[in-house]
1. Suppose we keep only residues that are of a type outside the set (A, V, I, L, M), without any contact (Cβ under 8 Å) to a residue 12 or more places away in the chain and part of a helix (DSSP H, G or I) within the stretch 34-56. Which one would you say is surrounded by the most Cβ atoms within 10 Å (Cβ to Cβ)?
2. Could you go through the stretch 45-59 and let me know if any residue there is hydrophobic (A, V, I, L, M, F, W, C), at pLDDT below 90 and farther than 19 Å from TYR72 by Cβ.
3. Considering only the stretch 1-24, state which residues are closer than 18 Å to ILE85 by Cα and open to solvent by less than 90 Å² (accessible area, probe 1.4 Å).
4. Pull out all pairs, ordered by first then second residue, where Cβ-Cβ is under 6 Å, the residues are six or more apart or on different chains, the first lies in the stretch 85-104 and is within 17 Å of THR53 (Cα to Cα), and the second is at pLDDT below 70 and surrounded by 13 or more Cβ atoms within 10 Å (Cβ to Cβ).
5. Can you name the residue in the stretch 15-33 that is in a strand (DSSP E or B) and in contact with a Lys or Arg (Cβ under 9 Å, 6 or more places away or on another chain) and is also farthest from GLN73 (Cα to Cα) among such residues?
6. Can you tell which of ARG82, ARG67 is among the charged types (D, E, K, R), exposed (fewer than 15 other Cβ atoms within 10 Å of the Cβ) and at pLDDT below 85?
7. Can you name the residue in the stretch 36-71 that is among the aromatic types (Phe, Trp, Tyr) and touching an Asp or Glu at 6+ places or on another chain (Cβ under 9 Å) and, of all such residues, is farthest from PRO26 (Cα to Cα)?
8. What do you reckon, is VAL75 among the hydrophobic types (A, V, I, L, M, F, W, C), modelled with pLDDT under 80 and touching a helix residue (DSSP H, G or I) at 6+ places or on another chain (Cβ under 7 Å)?
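The values are calculated or read from the model by the stated rules, or taken from the named source; none is laboratory data. As the structure is a computational prediction, the values presented were derived from the model and not from experiment. Here the Cβ positions follow ideal geometry from the backbone for every residue, glycine too, while neighbour counts run over all protein chains shown. Accessible surface is based on the protein model in full, side chains and every heavy atom, while ligands, DNA and RNA are left aside. Shrake-Rupley method; radii C 1.70, N 1.55, O 1.52, S 1.80 Å.
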Amino acid sequence: WDNADFSRGVGTTYYQEFSTLNTAKPPFVLDVEAKVRRYLRSSYSAVWTLKITWEKAPAYAAQTDTRKTVTYQAVLTTDGFRSYILMLYQDGGMRWDYTRLTSTNVLIGYT
(Lines give C-alpha, C1' and ligand atoms only; values in the text may rest on other atoms or scores of the structure.)
Protein backbone atom coordinates (compact mmCIF):
# COMPACT_ATOMS: atom_id res chain seq x y z
CA TRP A 1 0.00 0.00 0.00
CA ASP A 2 2.95 2.33 0.08
CA ASN A 3 2.70 2.74 -3.70
CA ALA A 4 -0.81 4.25 -3.64
CA ASP A 5 -0.93 7.95 -4.47
CA PHE A 6 -3.82 10.04 -3.15
CA SER A 7 -2.21 13.40 -4.02
CA ARG A 8 -4.59 14.11 -6.93
CA GLY A 9 -7.71 13.84 -4.74
CA VAL A 10 -8.70 10.45 -6.18
CA GLY A 11 -9.52 7.63 -3.75
CA THR A 12 -10.14 7.40 -0.02
CA THR A 13 -8.60 5.66 2.97
CA TYR A 14 -10.67 4.92 6.05
CA TYR A 15 -10.73 2.57 9.02
CA GLN A 16 -13.14 1.05 11.51
CA GLU A 17 -12.19 -0.32 14.91
CA PHE A 18 -14.12 -3.10 16.65
CA SER A 19 -13.42 -3.61 20.36
CA THR A 20 -15.35 -6.73 21.32
CA LEU A 21 -13.88 -7.77 24.66
CA ASN A 22 -17.17 -7.56 26.59
CA THR A 23 -19.66 -6.60 23.88
CA ALA A 24 -21.78 -8.28 21.26
CA LYS A 25 -19.86 -8.95 18.08
CA PRO A 26 -21.04 -7.36 14.82
CA PRO A 27 -21.40 -9.58 11.72
CA PHE A 28 -18.08 -8.32 10.32
CA VAL A 29 -16.12 -9.58 13.35
CA LEU A 30 -18.00 -12.90 13.29
CA ASP A 31 -16.97 -13.27 9.64
CA VAL A 32 -13.32 -12.51 10.47
CA GLU A 33 -13.39 -15.11 13.27
CA ALA A 34 -14.88 -17.68 10.88
CA LYS A 35 -12.15 -17.02 8.30
CA VAL A 36 -9.37 -17.39 10.89
CA ARG A 37 -10.92 -20.63 12.18
CA ARG A 38 -11.39 -22.03 8.67
CA TYR A 39 -7.97 -21.11 7.26
CA LEU A 40 -5.94 -21.95 10.37
CA ARG A 41 -8.10 -24.79 11.72
CA SER A 42 -7.99 -23.39 15.24
CA SER A 43 -10.39 -21.92 17.75
CA TYR A 44 -10.43 -18.12 17.69
CA SER A 45 -12.44 -15.42 19.45
CA ALA A 46 -11.48 -11.83 18.62
CA VAL A 47 -11.27 -9.16 21.32
CA TRP A 48 -10.14 -6.42 18.93
CA THR A 49 -10.31 -5.99 15.15
CA LEU A 50 -9.27 -3.13 12.86
CA LYS A 51 -10.45 -2.85 9.24
CA ILE A 52 -8.50 -0.47 6.98
CA THR A 53 -9.85 0.18 3.49
CA TRP A 54 -8.11 1.85 0.57
CA GLU A 55 -10.95 2.62 -1.83
CA LYS A 56 -10.34 3.46 -5.51
CA ALA A 57 -6.65 4.01 -4.83
CA PRO A 58 -4.56 5.07 -7.84
CA ALA A 59 -1.02 3.77 -8.24
CA TYR A 60 2.00 5.99 -7.61
CA ALA A 61 2.54 8.28 -9.49
CA ALA A 62 -1.10 9.31 -9.86
CA GLN A 63 -0.35 11.93 -12.49
CA THR A 64 0.14 9.13 -15.05
CA ASP A 65 -3.31 7.49 -14.77
CA THR A 66 -6.02 8.02 -12.15
CA ARG A 67 -8.60 5.82 -13.92
CA LYS A 68 -7.06 2.46 -13.02
CA THR A 69 -7.78 2.30 -9.33
CA VAL A 70 -7.98 -0.60 -6.91
CA THR A 71 -9.82 -1.21 -3.65
CA TYR A 72 -8.22 -3.37 -0.96
CA GLN A 73 -8.34 -3.96 2.80
CA ALA A 74 -6.13 -5.03 5.64
CA VAL A 75 -7.94 -6.54 8.62
CA LEU A 76 -5.91 -6.83 11.81
CA THR A 77 -7.38 -8.92 14.60
CA THR A 78 -6.26 -10.34 17.95
CA ASP A 79 -7.59 -12.46 20.78
CA GLY A 80 -5.06 -10.88 23.14
CA PHE A 81 -2.53 -13.69 22.60
CA ARG A 82 -2.45 -14.36 18.88
CA SER A 83 -2.75 -11.76 16.13
CA TYR A 84 -3.64 -12.19 12.47
CA ILE A 85 -3.94 -10.07 9.35
CA LEU A 86 -6.23 -10.68 6.40
CA MET A 87 -5.33 -9.04 3.08
CA LEU A 88 -8.44 -8.63 0.95
CA TYR A 89 -8.55 -7.40 -2.65
CA GLN A 90 -11.48 -6.47 -4.87
CA ASP A 91 -12.77 -9.03 -7.36
CA GLY A 92 -10.45 -9.04 -10.35
CA GLY A 93 -7.36 -8.48 -8.21
CA MET A 94 -4.88 -5.68 -8.62
CA ARG A 95 -5.91 -3.47 -11.56
CA TRP A 96 -2.88 -1.19 -11.57
CA ASP A 97 -0.70 -1.39 -14.68
CA TYR A 98 2.37 -2.73 -12.88
CA THR A 99 4.51 -2.18 -15.99
CA ARG A 100 4.17 1.59 -15.41
CA LEU A 101 5.11 1.52 -11.72
CA THR A 102 8.42 3.00 -10.62
CA SER A 103 9.45 -0.29 -9.00
CA THR A 104 9.67 -3.52 -11.01
CA ASN A 105 9.66 -5.96 -8.08
CA VAL A 106 5.89 -5.88 -7.43
CA LEU A 107 4.42 -7.97 -4.60
CA ILE A 108 0.79 -8.29 -3.51
CA GLY A 109 0.59 -9.07 0.19
CA TYR A 110 3.40 -8.85 2.72
CA THR A 111 6.61 -10.61 3.68
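1. Selected residue: ARG37.
2. Within the stretch 45-59, none of the residues are hydrophobic (A, V, I, L, M, F, W, C), at pLDDT below 90 and farther than 19 Å from TYR72 by Cβ.
3. Passing the criteria: THR13, GLN16, PHE18, SER19, THR20.
4. Listed pairs, sorted by first residue: none to list.
5. Here the answer is PHE18.
6. The unique qualifying residue is ARG67.
7. TYR60
8. No.
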